Each structure stands twice: as structure tokens, then as C-alpha cells.
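The values are calculated or read from the model by the stated rules, or taken from the named source; none is laboratory data. All of these numbers come straight from a predicted model, not from anything done at the bench. When we count neighbours, we look across all protein chains shown, and the Cβ atoms used for this are built from the backbone with ideal geometry, even at glycine. Areas reflect the complete protein model, heavy atoms only, side chains present, ligands, DNA and RNA absent. Shrake-Rupley method; radii C 1.70, N 1.55, O 1.52, S 1.80 Å.
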Amino acid sequence: MLLQQIINGFVAGSAYALFALGFTLMFGVLGVVNLTYGFYFSAAAYIALFATIKGAPLAIALPAAAIATGLIAVVVDFLLLSRLRKVRAPELASLMVTLGATLFLYSGMTALFGSEIRRFPIGLVDSAPWTFEGASVSLAQLLIVGTVAALALGLVLLLRMTRTGLAMRALAENPDAAELMGIDTRAIMSQVSFVSGALAGAAGVLIALEYNAITPYMGEAMTLKGFAVIILGGLGDIGGALVAGLLIGVLEALTAGYVSSVYKEAVGFLLLVLTLWIRPLGLFGRPSARRA
């Protein structure tokens, strides 16, 4: 029972961490809280759903959905936030603009697809589990963990080993200095939006695959959980987001298994409150730098 709950929590926490990676990248580099981020999570799940209904395998549907939501994120950033950055509007302005956009986008998605739960086609992934020491692991769960590990590694390599990643880190540290050094900050911001949106989209498909349930507002709950993850891990810290996502996933599973599923959703926010009381900068947060 314990091993099974840990496995389930680790799988769910992997998807939480992937979602939070894009969230913390967007916050760490662009310095804005973009509430439309949860919409990309939901939109990608629907894109993958309709792709698989048309016969596309998951190996095509998942990256296609992630790329599509990355492009949507670039468009949304250009339409809503580029002007605010140009006039140096306060952070509250971006929060309110994206809040209004989120309500509009969720309502539009509900009008298009309805509010009922949609599910992937039967047999999309082999459902036969492997058993070990009384615990079972499905191919879908292994796929989720493997995909998250690959994308997280890819993000770290992008940030640490490429010129684009160097430009992103420079932009996160000091936007004005980065522009004076010849960095095309507009292009880098668009790339950050694309990567963040793609990561959110991939997380949306993986969570939908794990629970086989897709609804328009699934991204809304995930956005709140994403806040808990990035604050617990440390604002703008990639490694902290990974650890915090896994921690919340495992603790949620243990709470559901040994206490009650009623309290499962409260775990992340309890950790959030405790973190703000005891260590406001998060587990890995540092007061001297805003890290990409």
C-alpha cells in the first residue's frame, strides 16, 4: 500500500513539476504572473484528444499539442503583455489583464467543447500493469515519468549550454543591461513564452493521460497548484520547482491513501502557508538573485 501510494504520488508529482517548470521559467525571466498559463494546460489536452480521435498516435499527438500551445502562448503574450512591458506598467496590470483573458478563454473553450468530461480513445496506451512487491506500474505512468525527465533535462541543457539559454538568464538578471549588450529581448521573450507554453501543454496531456479525464477548467486547479509548487520550491528556481512538485505529489497520494481523499487538494496549500511562515523565499530561494 505504501509503495503504491508513493509510485502514484511520484507520477502525479512529475506532471506537477513539469507544469511548474514552465510557470517558474516565465516568472523568473519575464517577471510576470501570467494567469493564462493554466489555459495552455487545458488546451493541449483537447488538442491531443482530437488528434488521437483522428487516429494520430500519442507519440505525435503529445508533441503536436505542446508545440501548438507554445505558439498560442507566444500570440497571447504579444497581444496582452508586450504593450504593458513597453510602457513599464506595474505588475498588477499584467495580473489583471491575464485574469480577464483567462476567464474569456475558459468560457470560450467551454462553449466549444462543453463542460462534460472527455476521455482518450480506449487502447491508446497499453493498460496492462507491471507488478512489483504488491505495487503496480502502468505503461502510461512510465511514459509520464520518462517524458517529464526528458523535458526537464532538455530545459536545463537549454538554459545552461546554449546561447539562447544564456540570453534568457541575462534577461532574467537585468533586462535593461541585456538589451544594452545587444540581446534581442523581444525575441528572447517570445522564446520564453513558447517554451513555457509548450511545457504547460505537455503537462496537460500527461495529466489527462494519467487520469483519462479532460475538462475545460482542469487548468484552473493546476494553476493554483503551480503557485504552491513555485513558492515552495523558490520563485524562479528550476530545481526547486522539480523537488517541490514531486514532494506535493507524494504527500497528496499519502494523504488520500491514509487519511482521506477529501483533504488531498489541501496538502499543497498547507505546505504553501507553512513555507510562507517559516521560509518565505522557498526551499531553494535566494534573496540576492532572480534565477532563470
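Quick rundown of the values:
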read-out	value
Options ARG290, ARG286; residue that is basic (Lys, Arg), under 21 Å from TYR37 (Cβ atoms) and modelled with pLDDT under 80	ARG290
Subset of the range 87-99 [outside any helix (DSSP H, G or I) and open to solvent by 40 Å² or more (accessible area, probe 1.4 Å)]	VAL87, ARG88, PRO90
Among residues of the range 35-68, those that are under 12 Å from the mean Cα position of the chain (by Cα) and open to solvent by less than 20 Å² (accessible area, probe 1.4 Å), counted	8
Residue match in the range 50-59 (condition: in contact with a helix residue (DSSP H, G or I) (Cβ under 8 Å, 6 or more places away or on another chain), hydrophobic (A, V, I, L, M, F, W, C) and under 27 Å from GLY239 (Cβ atoms))	no
Hits in the range 100-159 - residues which are open to solvent by less than 60 Å² (accessible area, probe 1.4 Å) and part of a strand (DSSP E or B)	ALA135, SER136, VAL137
Residue that is within 30 Å of ASP176 (Cα to Cα) and open to solvent by 10 Å² or more (accessible area, probe 1.4 Å), where the choices are LEU25, LEU30, LEU21	LEU30
Any chance LEU105 is in contact with a helix residue (DSSP H, G or I) (Cβ under 9 Å, 6 or more places away or on another chain) and closer than 17 Å to ALA203 by Cα	no
Test result for ALA221, at pLDDT 85 or above and either small (Gly, Ala, Ser) or touching a strand residue (DSSP E or B) at 6+ places or on another chain (Cβ under 9 Å) (or both)	no
Helices (runs of 4 or more DSSP H) lying entirely in the range 1-86 (those with 2 or more residues that are in contact with a strand residue (DSSP E or B) (Cβ under 8 Å, 6 or more places away or on another chain))	2-30, 37-53
Restricting the range 231-264 to residues that are in contact (Cβ under 8 Å) with a residue 60 or more places away in the chain and over 23 Å from ALA149 (Cα atoms), the residue that is most open to solvent (accessible area, probe 1.4 Å)	TYR258
Neighbours by Cβ (under 7 Å, 6+ apart or cross-chain): first from the range 89-107, over 19 Å from GLY31 (Cβ atoms); second assigned to a helix (DSSP H, G or I) and open to solvent by 50 Å² or more (accessible area, probe 1.4 Å)	TYR106/GLU220
Every pair of residues 6+ apart whose Cβ atoms lie under 6 Å, when the first sits in the range 112-123 and is under 15 Å from THR52 (Cβ atoms) while the second is at pLDDT 85 or above	ARG118/LEU49; ARG118/ILE214; ARG119/ASN212; PHE120/THR52; PHE120/ASN212; PRO121/THR52
In the range 176-220, the residues that are assigned to a helix (DSSP H, G or I), small (Gly, Ala, Ser), without any contact (Cβ under 8 Å) to a residue 60 or more places away in the chain and open to solvent by 30 Å² or more (accessible area, probe 1.4 Å)	ALA177, ALA187
